[in-house]
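Peer 1: Take this structure first; my questions come after.
What follows draws every value from the coordinates through simple rules; no lab data is involved. Note that the structure is a prediction, hence the values are computed from the model and not measured. Heads up, the Cβs are rebuilt from the backbone with ideal geometry, glycines too, and the neighbour counts pull from every protein chain shown.
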Amino acid sequence: MAGGGNVELTGTFGQHVQSLLVVVIMAACGGVLVQLLMKGVKFHSGKVGPINIPPLLTKIEIPPLVGMIIFGCLARNFLCEEYMQHYPEAYAGWIRSICLSIILLRGGMELDFEGKGLTVVLLTLIPQNAEAMCAALACRWIFSLPWALCFA
């Protein structure tokens, strides 16, 4: 339920925060696990000695965000049922929308458009303009609205 809707909250504020924190901590663990699988880890400590865990997945690349999403879904739907009784669906939908926006922004910032200028501009503008024109034509023919209102 991404929109929030009219969901009645049960439990105290502390229980709501606790259930959200369980999901966040499990998601963070999933991101760290995927990062360890993809990159491995090397660290040196004075008493323990050098620890070297080689990367286990070298043929494919999986971003840590995928692990975070999978573990967050698992925590919310299958694990920690005693905490999820008081999961605030109304707030979670709002937080989920913000997280999706951040993920899409990060993904867009990682793209490299060097040498692809006109292609990227056309692939960005043409589908959106075609959709807007089709919606305006449908509004004009179905509802007989004026053109100015169809494109508004």
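Peer 1: Where does the longest stretch of the chain lie that holds no chymotrypsin sites (Phe, Trp or Tyr not before Pro) found in a DSSP loop with 12 or fewer other Cβ atoms within 10 Å?
Peer 2: Value returned for the longest uninterrupted segment is 1-77.
Peer 1: Moving on. Calculated from DSSP H runs of 4 or more alone, at -39500 (n - 2.57) each and per residue, what is the 222 nm mean residue ellipticity of the chain, nearest 500?
Peer 2: Dividing the helical sum by the residues of the chain leaves -21000 deg cm²/dmol.
Peer 1: Here's another thing I want to ask about it. Restricting attention to the range 22-114, which GluC sites (Glu not before Pro) occupy a DSSP loop and are surrounded by at most 10 other Cβ atoms within 10 Å?
Peer 2: Glu61, Glu110, Glu114
Peer 1: What are the extents of the Cα atoms of the range 44-104 along their three principal axes, listed from largest to smallest and rounded to whole Å?
Peer 2: 48, 30, 21
Peer 1: For the range 58-152, just list the percent of Cα-Cα distances falling in each 5 Å bin from zero outward, please.
Peer 2: 2, 9, 11, 12, 11, 12, 13, 12, 9, 7, 2, 0
Peer 1: Using a Förster distance of 41 Å, how high is the FRET efficiency between Gln85 and Lys39, based on the Cβ-Cβ distance and rounded to 0.05?
Peer 2: 0.65
Peer 1: Another question, if that's okay. At a 4.7 angstrom Cβ threshold, list every cysteine in the chain that has nobody to pair with, or say none.
Peer 2: Cys29, Cys73, Cys80, Cys99, Cys134
Peer 1: On to the next question. Would you mind ranking Ser144, Ser19 by Cβ crowding within 10 Å, fewest neighbours first?
Peer 2: By the 10 Å Cβ count, ascending: Ser144, Ser19.
Peer 1: Same structure, new question: Can you tell which of Gly11, Gly115, Gly72 shows the greatest fluctuation in a Gaussian network model of the chain with Cα springs below 10 Å?
Peer 2: Gly115
Peer 1: Give me the distance in nm between label points sitting 7 Å out from Cα along the Cα-to-Cβ direction at Phe151 and Val24, one decimal.
Peer 2: 4.6
Peer 1: For the range 1-111, state the average projected area of the convex hull of the C-alpha atoms over all orientations, rounded to one decimal in nm².
Peer 2: Computed as one quarter of the Cα hull surface, the answer is 9.9 nm².
Peer 1: Also, I was wondering about something else. Roughly what angle does helix 64-77 make with the longest principal axis of the chain, taking Cα atoms, 0 to 90 degrees, to the nearest 10?
Peer 2: Around 90 degrees separate the two axes.
Peer 1: Using only the alpha-carbon atoms, how far is helix 13-39 inclined from the longest principal axis of the chain? Give it as 0 to 90 degrees, nearest 10.
Peer 2: With both axes taken from Cα atoms, the answer is about 80 degrees.
Peer 1: For the chain, modelled as a Gaussian network with Cα springs under 10 Å, which listed residue fluctuates most, Ile142, Ile69, Ile126?
Peer 2: For the chain, modelled as a Gaussian network with Cα springs under 10 Å, the answer is Ile142.
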